[in-house]
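Student: This structure is in structure tokens; I'll ask about it shortly.
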Amino acid sequence: MLRRTWITCFAVFCLCIFSFQRFGELSIANWHAAELSHRPGSPVEGLKPLCGDTSGRAGSWKQPNDSDTGAWFFEPDACRYHEFSSEDAGQCLHGRQLTFAGDSLLRNVVLYLVRTMDQTWNFPNAENMAADQHSSARFGKYSTAINFYWYCSAFHRKDISATKPWDVFVMGMTLWNMKPYNRGLTKYHDAVRSIAKMMKRVSKTRRWGWFGLHALYPTQCKIMDSGKKNEGCEFCNVPSRAALWRHAGTSAVACARSGTDAPENWLIDTYPMTNTSLAENDTSDGVHYAETVTKMQAQMLLHFVCKDWLLKRFGTASFLEPSSEAEQCKTIVTPKQAASDAQEYPLCRE
């Protein structure tokens, strides 16, 4: 009798242990799935697919309820951009050599890209960057090299693709060509197309991208030191005109790349996220943005730079099909549009 009682107690004890262990496994699994569902970029069912390109998609700004900082982020309607942590950025950019060439719009985004890896870090020759000169940085921890070249006009041709070794090269130079280096819409289109053809030739399998003109707000143009209005900014940066010049640049690149075997993801278009009331309230001069928008632009730039890293991490099934660049080449700037721009905005000529 005693023996039977002992055996029964032992069986019940084993059953309790098994049930507790099984419950613990389920609880951990459920907790882990919940953690992943809140971790940006995780391949969890129910999340939108990752955007297959950065060509600019309609969406809206959101503020996550579970965010400690309450930081706003932009999310396209059909997909999402991966939110890079400092660890993600370090892993993606490890051993890479990045080159950027453009004006202050791209420069500010590059600064925030760098600070995604290290919030306290700055270019050691930051004064050069502020003075619109060549700046360079090397992250010993990640073996990452970053170069920024001041290149504000498509007409000031200089082949910087051969100056330093690079894995990724991003250019963007529209604003200064609208004024003061305006030689006409058609000439700008042709100049950008020529640059794109050169980059297509030298890039081969390396990634090369074009940083498109974001939204401008001429009503918020900054008052000059003299106390007068910046009439050039207000007059030359009106939305209808900016749209023409924005399209002149992107269509030129699309046409130059026609038939290429290079990676399809070539455009970084932040216009949809900046053509919003949040962005309009995040600029003090109508041209540059403050932290909220510029950080998101940097995240989108990282999504472009790290496309191969994202594919390895999440797989092709996690991505939305990229848009076709062939469609963008079909609608180029017409001679009539170029003539109209020259006639209506004579004060914006070089």
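Student: If you go through the stretch 332-350, how many residues are open to solvent by 100 Å² or more (accessible area, probe 1.4 Å), part of a helix (DSSP H, G or I) and under 12 Å from Asn182 (Cβ atoms)?
Tutor: 1
Student: Suppose the filter is of a type outside the set (A, V, I, L, M, F, W, C), open to solvent by 10 Å² or more (accessible area, probe 1.4 Å) and touching a helix residue (DSSP H, G or I) at 6+ places or on another chain (Cβ under 8 Å); does Lys204 pass it?
Tutor: No, not satisfied.
Student: Do we find a residue being closer than 22 Å to Met173 by Cβ and touching a Ser or Thr at 6+ places or on another chain (Cβ under 7 Å) anywhere in the stretch 335-342?
Tutor: Scanning the stretch 335-342 turns up at least one residue that is closer than 22 Å to Met173 by Cβ and touching a Ser or Thr at 6+ places or on another chain (Cβ under 7 Å).
Student: Taking the stretch 208-229 as the search range and keeping residues that are under 21 Å from Leu106 (Cβ atoms) and surrounded by fewer than 21 Cβ atoms within 10 Å (Cβ to Cβ), which one is modelled with the lowest pLDDT?
Tutor: Across the stretch 208-229, the extreme among qualifying residues is Lys222.
Student: Look through Leu311, Leu302 and report the one residue that is over 29 Å from Cys221 (Cβ atoms) and within 14 Å of the chain's Cα centre (by Cα). Steps first, please.
Tutor: On the way: Leu311 fails: within 14 Å of the chain's Cα centre (by Cα).
Criteria check complete, one pass: Leu302.
Student: From the list Thr99, Thr120, which one is open to solvent by less than 50 Å² (accessible area, probe 1.4 Å) and modelled with pLDDT under 95? Reasoning before the result, please.
Tutor: Numbers: Thr120 fails: open to solvent by less than 50 Å² (accessible area, probe 1.4 Å).
None of the other options fit; the residue is Thr99.
Student: Ok, one more. Among all residue pairs at least 6 apart or on different chains, which show Cβ distances below 6 Å where the first residue, located in the stretch 284-298, is farther than 12 Å from Leu111 by Cα and in contact (Cβ under 8 Å) with a residue 24 or more places away in the chain and the second is outside any helix (DSSP H, G or I) and of a type in the set (Val, Ile, Thr)?
Tutor: Tyr289/Thr283
The values are calculated or read from the model by the stated rules, or taken from the named source; none is laboratory data. Nothing here was measured: the structure is a model prediction, and the numbers come from that model. Here Cβ is always computed from backbone atoms with ideal geometry, including for glycine, and neighbour counts include all displayed protein chains. Just the protein is used for accessible areas: all its heavy atoms, side chains included, with ligands, DNA and RNA removed. Shrake-Rupley method; radii C 1.70, N 1.55, O 1.52, S 1.80 Å.
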